[in-house]
Each structure stands twice: as structure tokens, then as C-alpha cells.
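For reference, the structure is listed below as C-alpha cells.
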Protein chains: 2
Amino acid sequence: MTYSIVELIRTKRDGGSLPPDAVRWIISEYTADRIPDYQLSALLMAIVFNGMTQDELDPWTDAMLHSGEVLELSDVAMPLVGKHSTGGVGDKISIPLVPIVASCGVAVPMISGRGLGHTGGTLDKLESIRGFTTAIHPSEFAAQLNDIGAVMAGQTETLVPADRRIYALRDATGTVPSIPLISSSIMSKKLAEDLDGLLLDVKVGSGAFMKTIEDATTLAKTMVAIGASHGTSVTAILTDMSQPLGRAVGNANEIAEAVEILRGRGPEDVRELTIRFAAEMLVLAGLSDMDAATARAVDAVESGAALEVFLRLTERQGGDPAVVEDTSLLPKATEEHVLVAPRSGVVSRCDAYQIGIASVRLGAGRAKKENHIDPAVGFLIEAKIGDEIERGDPLVRIAYNDEQKCSAALEALSQAWEIGEEPARVGPLILGGIQ
Amino acid sequence: MTYSIVELIRTKRDGGSLPPDAVRWIISEYTADRIPDYQLSALLMAIVFNGMTQDELDPWTDAMLHSGEVLELSDVAMPLVGKHSTGGVGDKISIPLVPIVASCGVAVPMISGRGLGHTGGTLDKLESIRGFTTAIHPSEFAAQLNDIGAVMAGQTETLVPADRRIYALRDATGTVPSIPLISSSIMSKKLAEDLDGLLLDVKVGSGAFMKTIEDATTLAKTMVAIGASHGTSVTAILTDMSQPLGRAVGNANEIAEAVEILRGRGPEDVRELTIRFAAEMLVLAGLSDMDAATARAVDAVESGAALEVFLRLTERQGGDPAVVEDTSLLPKATEEHVLVAPRSGVVSRCDAYQIGIASVRLGAGRAKKENHIDPAVGFLIEAKIGDEIERGDPLVRIAYNDEQKCSAALEALSQAWEIGEEPARVGPLILGGIQ
């Protein structure tokens, strides 16, 4: 059937719903260059204002998902469960999480992104391990999953090309912040991983894209519903991103912190989320109930099985396992600067967004896609919300290679901390769950 | 100064205002092909939703107006007053109006459009006079205005090119219905006519683009305010377009009706609006007060001075004045069909929109810009709102050349009339004025 794109734009503009077949037609015509960018961008802006119903969003996502190849993982003997985080600062959870889950007998075909804006990216962090490559061809996924139980790769050209094109257009036309468009972008890519189950970490707070619990809840519900209509079990957990996760913000230093978690050490918040997420993924795989799954995840760390999987994964993907064994071999910056507390009191704010912006200025992140990052630089946060500190105590240690970049980072960091007199209210790390 | 178009789109999307210099930058960059269509269309859609403030609209209109040449009419000895109608069905007012006003010593540099969709166009009507050309080069305007007091011409490539491009983009992206965008499109073209005063006929009702008095009032006020900020006196009159104006809907037959008006005859509603508008234009020119201006306009018809100007104008623009002298020489259709009343009663609806759609189907109008029209075909309306009729009385006489087109027109016409039992409320023709 053929539609008039102008009529469909008008319908969406006037608050109407598009028929499912019309939605599929739009995606396939756009992908085939038969709808020009200027018409799609007008439609996208109308969607920013008027949203999409679930009956529009399901075929929109499905059509994107089928715009290219889909991972063919039917040969993998284990259940397949994926994980996606909407992005934050210091969010290295995937790195210890994937080996833990894989060591429990669940395959994780993990396709991640790079850092952009104030948020970091798993690929950049992994590449700070000497030799590690994330350019894994989709045809190699099944074999590696059967051998090791996990792949940690980057996007390829062949998976969900419609999303790449539409995202680039959204980026250039001010049409990024739309919950249905964000949902379909994420879910089309994750569902192309041919999963049995999917865990979504929906971050909320200054360092997240969703600043309020209401928006995060809507996003989570929207993505869970898309999964349901596609026949994939999805669990969404809302987690706090008002302050960075853990102590390390950067790339090499986040790998070191992730390895600490795999050794049963490291910051409490990172450990808590990692174990919770691992347990949720084992439940999604149908392996056990939450209590037993939690025990299995803890045991995977304590027994060293998870670290062993990470070592094998690193080696399989060209990385040097010696760096994982001894994280002092990771790239190191030459200089350190310590930002200290200007007064005594209790930390009431340790702002993830400002720290994320500072990390871009330091060279640990990217303002634009084409920027290069320096894996060695980063922050070690010494004071988080609720900590009692004395004047002169360190707030953050800055590992840097370039004086000017350090100064630029300090400008943002100086706005990140607030020190009060009252005991600060420390909010929960896990804010809710949606299934 | 250089701006980021994506930032400007985001500002408008989020309900903010664009600085005047940014607005001028957008129009000049787009016209120079340095902003792509896909970014402008996203901005236009954001404007459809969030509107524009007067402080945005004034520079937007001014930048469009200066995107090309502006008429240079300082050599014209008389005051210059223009007129624009937002478009309707059977709206031939400009044709008798321009000669009346010109015969009273006010120059009218009239640039009109063609029919599109359910509305007719002055150019198409004039071209049903054998030889009449509306392709007058802007450089000839001043001389013709000094000689005859009037020019009736079509758009040229050199005047307001930004409007042509932006309108084409709006048409393809569902961003036409926006009061600020409509206002700036109309006003940029009229202000490029170098006028001392401008009369706007803002039509309201089923056959108009503005369906409600509220929307029409907003449009009128917006355009009057743009005129004020440009230093041009503008009067807007809101007039009824729930039923067609006069009896004739078509092209040649509307010229015949217009000539009737110039002879002091013709339908009362057409005469009433023509005289009122002529008087308003004389007042805008500063010639006299409303009462004296009305008397002068009536006298211009009764003395034959106005008809004389129309004859001279026709001759100057290559048309055959014999056709104006004897309108039976206008193109005539070969066939006639009469649609009759299915019952007796009082006409309560004679729907301008349905009759406009029927005229397109008959071949008197255009569904698309590239369609050709047949000047000879059209309707003569025999029953209007408030008329008492008997079953079998004619509602409309259809002059046609093509049986199939007549049938297609009849389908729309059959939905145009409603005949009730009660005396119908006949609303006023003039609904308000804004200065």
C-alpha cells in the first residue's frame, strides 16, 4: 500500500494516530531514500510534540529492527539475555556484570556504544586494555558466545541501519528528546540481538538523560511494552544518577574499578548494582528465583569464575590478559591534581552532570563523535553524598596529561560539590523496577 | 554573527524565543543554501506548535521581504495602497475594486496569485479575457501606475524568493497551517510592493483557510502588527466566507460578474464589499474620511470612470477591451446542467468549501499547481442562504465542457446545500475590522 507522507505528517501534527502499515511504510521508504530528510524531520518534530501510541511505536520499532540484518544466534546453546543502560557517569557496570552472568551459564551478546557528551561508553573503557578490539563481526557472535558465553562489541553497519540514519537526523534537527523515539532507538538495537530477555538500567538524575523519576518511569514502561509486543521479556530498573557510580570516572581507571568488583572488592554502590543486575538477568533467563540468583552471582565473584570469564573474553577479543591480572599496567596519566574541600561539613551534592562535563574537558570523553579520548586521564572521587569531611580533605583526584585540559575540567568540577552543615539525605541507589 | 541552527531549533522546540538577529540569520542562511531543508522543516514544525512572538515575526518577515528585489515606486505621484484577500470561493472583489480605487487617484500595484485547492485566483480570472497578460516585469510597474493608476500582475521570481522556497517546503512538510507563518508569507509579499497602506480581507468560514472568527481575528491582528512595525498602515476586515461571494464561481463568469459591478449592477454582496473596500483604501491613502470616501467610490462606478480604468488596464496588459465591453465574448462552455432543489423550504447552507471543491473537479480550479484550468466552465448560484425556494427550483447552473467532470462536481455540489423549514439566519457579510 502507498501512503502520502504529507498526509501522514499532517495526521501526526494534528494529534491523530498513524496506522501500523503506514508506520512501516515510512521507515522502509525513508531507508530506501524515497522519503527525503526534510519530510522525516518534520514528522519527527511532530512526534516530539505529540508522541506516539504503543500501536504506532511497536511497528516503528519493528520496522527499524528489520531495516538491516538481525543477529542469528539460534546455534547458541544457552539462554540469551542482554543489558542496556541509558547512560551515566562512572557507569562501568556492564564490565563486571557480563562475565558474572556468563559464568552462570547465560549468554550475553553485548553491543555497546561510545561515550558522547557527559556520559561515558563501555567500548572506550574496554579499549584502554592493550589490544582489546570491540569490532566483532556479527557472524562471529554465535561461536564466541558458545565458547565464552559473552561478546562485548560495538555497533556494526549492518545491524539496524535505519536507527543510525534516523538518529543522525534527530541529532541535527533538535528531535532527540522524545521518549517514544528514544525507546524505539534503544529497543530496535537490543531486539536485533535476538534475545530471550533484556535488562534495562534506566538512569535518573542530573547525570542521566531522564532528569525526573516521572520521565524515567515513562521511558521504562514504554520500552518494557515494546519488548512485550515483540515477545521478549524485559525488566527495567530505575537507578540513581545524581552522583557518579563508584569512585572512578574515566576509562582505564574504570576498568581497574571493574576488575576490583570481579575480585570481590571495589565501591559498595557498584557492587550492589552489579549483583542486583546479574541476579535480574539470571531470573530473566529462567534459571532461578531472585534469592537463588543473587547467591549464584555472589558465588561467581567469590569463586573467581567471573574474573576467569573476563580474562578469556579479553584474550579472545585481542586484549592483553596481563593487564586485567595487574591493572597497574593500564595507561596512566603523568600528573595528578587534588581538588580539596573549601570548608568542613557534609557532602550534600556531588553532581554527576558537572563531573561528566569535566571528564569531557579533561579528555576522558567526547563533545563530538569525531573527538579522540585519552584512556589514561580521569577522576577518582574521594567524597560522595553523605560523607563527613574536613576543610582541606580531597574531593577528587584528577589524573591528567595536559595542564590546560585539567584547568578546564576544574572549572566544571568546582561547581559539582556542595558541602552543608546538616547530615545529608542519601537517597536509594535503586529507585524502582518495571516488568 | 553566527548561530547554531540546531540550538535555535531546540530553543523554539522548548518554547523559547529566538533573538531578532538569529531570525534574520536563519532566513539569509536558508536562502543562501547554507541551512538544509531538513533543518528548516523541523524548525517550521516547531513553529507550528509553539508559534512566534511579534519580536520574532517582524524580523522573519523583514528578512523574507529583503531576500530579493523590492518594488521601486518612488516615482509614482499618487499614494500607493494595496489589497490582499486570504482567499475564498467566488471572490472576484479585486477585479472591480482596483479600477474603482485607481479612478479615485490612488495607485494600486496589485500582485495576485492563482487558484489552488478550493479557492480561486485573480490571475486565472483575468486571463479569461483574450490576450490579457499578468506577467508584468517589476520595472514596468511605476510607468503603468503613473499612466493608469493600477497594475494587476503575477508573482515574479525576483520578489521575495525566500517566501517561494519556504512555502514550497511548508507545502511538502505539513507546516502550512501556522498563523505566524501565514502572516509572514502574506505580509512579506505585500510589503515588497512598497505601499503606503494595505487593506487585508481576512475571510472566515467553511470556504476560507480560517474556519473560526477567533483564528481569523488572530491572523488579522498579527498581520496588522507586522505592518505597524514596518511603518505601513494596515486595515484588516473580517468577512464571511461560509457561502460563495456573488453568483458566479469560475473564471470567465466571474469576470462578467465583476464587469456588472463596474456597471453599477451585479449581486448585492459583491457590490457591498467592493464599495466598502474601496472606501477603506481611499481612507488608508489619506484622501478623505469614510463617508466621503464611500461617496467617491459610488460615484466612480456611476460616472463610468472605474469601468474606463478597467478598459485601459485591460488594453495596457494586452487584453481585448471589446471582451470587457461585451462580456458575451468571454469563453463559453458548450453544455449546461441545472441542479434543482429536492424539496421546498429555506436555504440554510450553501457551502463555500464544497462548491470550491466542485469547481476544482469541474476544471475551473486546480488540485495541484501544475493543473490547467478551463476558463469557460463554472457555476452560477441561484439559491443562497435565506432564499425561499420551491422543490424543483434551480440551486446552481453548471456550465461544463466534460460530462465526467460535471458528474464529479455534482457529487460535491450535492452536499453543499441544506434546505430547512424555518427562516434561516443570514449572518452579516462584514464581521469586524482591525486597524
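The values are calculated or read from the model by the stated rules, or taken from the named source; none is laboratory data. A quick note: this is a predicted structure, and the numbers were derived from the prediction, not measured. Note: ideal-geometry Cβ built from the backbone for every residue, glycine included; neighbour counts use all protein chains shown. Just so you know, the surface numbers come from the protein's heavy atoms only, side chains and all, with ligands and any DNA or RNA stripped out. Shrake-Rupley method; radii C 1.70, N 1.55, O 1.52, S 1.80 Å.
Data table
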quantity: Kirkwood-type radius of the stretch B:81-327, with distances r between different C-alpha atoms, in Å; calculated: 18.0
quantity: Qualifying lysines (Cα of each under 26 Å from Cα of A:LYS369; at least 8 residues distant if same chain); calculated: A:LYS83, A:LYS92, A:LYS125, A:LYS189, A:LYS190, A:LYS203, A:LYS211, A:LYS332, A:LYS405, B:LYS12
quantity: With DNA, RNA and ligands ignored, accessible area of B:ARG34 (1.4 Å probe; Å², nearest 10); calculated: 150
quantity: Extension gain, B:ALA305 back to B:ARG263 (0.36 nm per residue minus Cα-Cα distance, nm); calculated: 14.1 nm
quantity: Computed magnitude of the charge dipole of chain A (debye, nearest 20; Cβ of K, R +1, Cβ of D, E -1); calculated: 720
quantity: Given charges at Cβ of Lys, Arg, Asp, Glu: chain B dipole, positive-most of B:ALA216, B:LEU311, B:MET110; calculated: B:ALA216
quantity: All-pairs Cα distance distribution in the protein assembly as shown, expressed in whole percent, bin size 20 Å; calculated: 14, 35, 24, 19, 9, 0
quantity: log₁₀ of I(q)/I(0) at q = 0.06, 0.09 Å⁻¹ - chain A, Debye sum with one point per alpha carbon; calculated: -0.25, -0.57
quantity: Relative contact order computed over chain B (Cα-Cα under 8 Å; 6+ residues apart), in percent; calculated: 19
quantity: Tail fraction, Cα-Cα pairs, the stretch A:331-420, threshold 16 Å, whole percent; calculated: 51
quantity: Probe 1.4 Å, all protein chains present, accessible-area order of B:HIS118, A:HIS230, largest first; calculated: A:HIS230, B:HIS118
quantity: Where a label projected 7 Å from the Cα of B:VAL426 along Cα→Cβ would reach, residues of the stretch B:247-264 with amide N under 15 Å; calculated: B:247
quantity: Diffusion coefficient, µm² s⁻¹, Stokes-Einstein with Kirkwood Rh over alpha-carbon pairs of the stretch B:21-117 at 4 °C and 1.567 mPa s; calculated: 78
quantity: Computed FRET value (nearest 0.05) for A:THR212 with A:VAL340, which takes r as the C-beta separation and R₀ as 35 Å; calculated: 0.60
quantity: Nonlocal amide H pairs with A:VAL340, under 5 Å, H built at 1.01 Å; calculated: A:LEU395
quantity: DSSP loop GluC sites (Glu not before Pro) with at most 13 other Cβ within 10 Å excluded, longest remaining stretch of chain A; calculated: A:158-369
quantity: Ratio of Rg to Rh over the stretch B:5-51 (Cα coordinates, Kirkwood Rh, two decimals); calculated: 0.93
quantity: In range of the label at A:GLU325: residues from the stretch A:289-305 whose backbone nitrogen is under 17 Å from the point 7 Å along Cα→Cβ; calculated: A:304-305
quantity: Rounded accessible area of B:LYS384 (nearest 10 Å², 1.4 Å probe); calculated: 30
quantity: Threshold 40 Å² - residues in the stretch B:43-57 whose accessible area is reduced by that much or more when the chain is no longer isolated, probe 1.4 Å; calculated: B:MET45, B:PHE49
